[in-house]
Amino acid sequence: MPNSVQSQNPAIRKLEGFAHLSDVERTLLQEISGSSKRIDARSTLFAEGDEAPGAFLILEGLACRFKLRSSGRRQILALLIPGDICDLESFRQDKMFHSSEALSPCRIAWIPPDVVGRLRQHPNLARALQTSVLVNEETLQMWLMNVGTRTAVERLAHLFCEMYVRHRIIGRTQGQSFEFPLRQMDLAEIAGLSGVHVNRSLQELRHKQLIELKNRRLVILTWLGLQAMAEFEASYLHVEGYANFIAIDGAVAEIRTNHTEPSQRLAFEGGSLGTVQIRRSERH
């Protein structure tokens, strides 16, 4: 069982959602986390074309991957939160093909290639890391679908649902809120929108009483409403033991499934926390 320090480590909390880690594997992750560096907000971690620096672990703060056009326009490709081990395969290439930036003050642990090799010598940890890479790929697919098929307000609603679930998994939520240091221009560069569209979409979400932005935190006022608007379903995040997240009347209920059960989609009915009915339906 993890000790009190390990239980607060975001990498251990995240990866244990993908596989049951041994004490040795948890200790290894804790050792990696112990050697970290603080990075100022809006600092470049590396730029496209730089020599590959190796993998890194986000311990605090929010960072991103992005691509720049020659015009200076930026597309954010991924948001990196505590617990994310990033660019695991970068040691296989001579240079980086994307850039990375700290969007808020961050604490980061760099992981050299030989340590990445050590991580992969442990079977459960290797499986968890492989699943983490798969989640990154499927999250990018979902972001592409958002840009291609969802309206401006739906794109932001989906992003907020995703970020809430990711933060809740690592224990970084308070009630239905989480730290949210993103600027409107960051949201525009994530969702492929203009600043004007982002502003209008945020106003609509506030008007519908779905969210509130206050003191650099995002508060989800009505989870079911936000989830319905976004058509959000969390299965692409592949977190074992968390089939879905429900927020009803200001309370969040985690519906946990047995680790040995096959992946199933949960459909929910009911109007209050005490009367939620769960209907299991096969994935089609």
Let me understand region 78-209 better: what is its radius of gyration from the alpha carbons, and its Dmax, in angstrom? 16.9, 52
State whether region 1-65 is rounded, prolate or oblate according to the following rule on the C-alpha gyration tensor (a ≥ b ≥ c being the square roots of its eigenvalues): a/c under 1.5 gives rounded; otherwise a/b larger than b/c gives prolate, and the remaining case gives oblate. prolate
Tell me which aspartates and glutamates have Cα within less than 17 Å of K14's Cα, excluding those fewer than 8 residues away on the same chain? D23, E25, E31, E60, D84, D87, E137, E138, E162, E240, E254
Tell me the per residue accessible area of region 1-99 using a 1.4 Å probe; a whole number in Å² is fine. 49
Other-chain or far-sequence residues with amide H under 5 Å of F180's (modelled H): R217, L218
Would you calculate the convex hull of the Cα atoms in region 68-121 and tell me its volume per residue in Å³? 102
Once you sort the root eigenvalues of the Cα gyration tensor of region 127-205 as a ≥ b ≥ c, which label holds: rounded (a/c under 1.5), prolate (a/b larger than b/c) or oblate (the other case)? oblate
Given labels modelled 7 Å from the Cα in the Cβ direction, how far is it in nm from N215 to M142? 2.9
Just to confirm a number: summing +1 for Lys and Arg and -1 for Asp and Glu over residues other than E48 whose beta-carbon lies under 12 angstrom from that of E48, what do you get? +2
Out of the chymotrypsin sites (Phe, Trp or Tyr not before Pro) in region 1-100, which ones are loop residues according to DSSP with at most 13 other C-beta atoms within 10 Å? F97
So what J values fall out for region 16-27 if you push phi through Karplus, 6.51 cos²θ - 1.76 cosθ + 1.60 with θ = phi - 60°, rounded to Hz, Gly and Pro as x? 5, x, 9, 6, 7, 7, 7, 4, 5, 5, 5, 4
Taking Lys and Arg as +1 and Asp and Glu as -1, residues besides M142 with C-beta under 13 Å from its C-beta add up to -3
Under 5 Å between amide H atoms, partner at least 5 residues away or on a different chain: which partners does F46 have, H built in plane at 1.01 Å? S100
Between V133 and Q203, 0.36 nm times their residue separation minus their Cα-Cα distance comes to what? 21.7 nm
For I111, which sequence-distant residues (separation of 5 or more, or a different chain) have an amide H within less than 5 Å of its own amide H, given hydrogens modelled in the peptide plane? A55, F56, L57
Restrict the search to region 170-208; then list the trypsin sites (Lys or Arg not before Pro) that DSSP places in a loop and that have at most 12 other Cβ atoms within 10 Å of their Cβ. R183
For region 85-100, 3J(HN,Hα) per residue [Karplus equation, 6.51 cos²θ - 1.76 cosθ + 1.60, θ = phi - 60°, Hz, x = Gly/Pro]: 9, 10, 6, 4, 9, 5, 5, 7, 10, 6, 9, 8, 10, 8, 10, 9
Round to a whole number: what % of the accessible area of region 11-119 belongs to carbon and sulfur, probe 1.4 Å? 48
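The values are calculated or read from the model by the stated rules, or taken from the named source; none is laboratory data. Small disclaimer: the values here were computed from a predicted structure and weren't measured. All Cβ positions, even for glycine, are placed from backbone atoms using ideal geometry, and neighbour counts span all protein chains on display. Heads up: the accessible areas ignore ligands, DNA and RNA and are worked out on the full protein's heavy atoms, side chains in. Shrake-Rupley method; radii C 1.70, N 1.55, O 1.52, S 1.80 Å.
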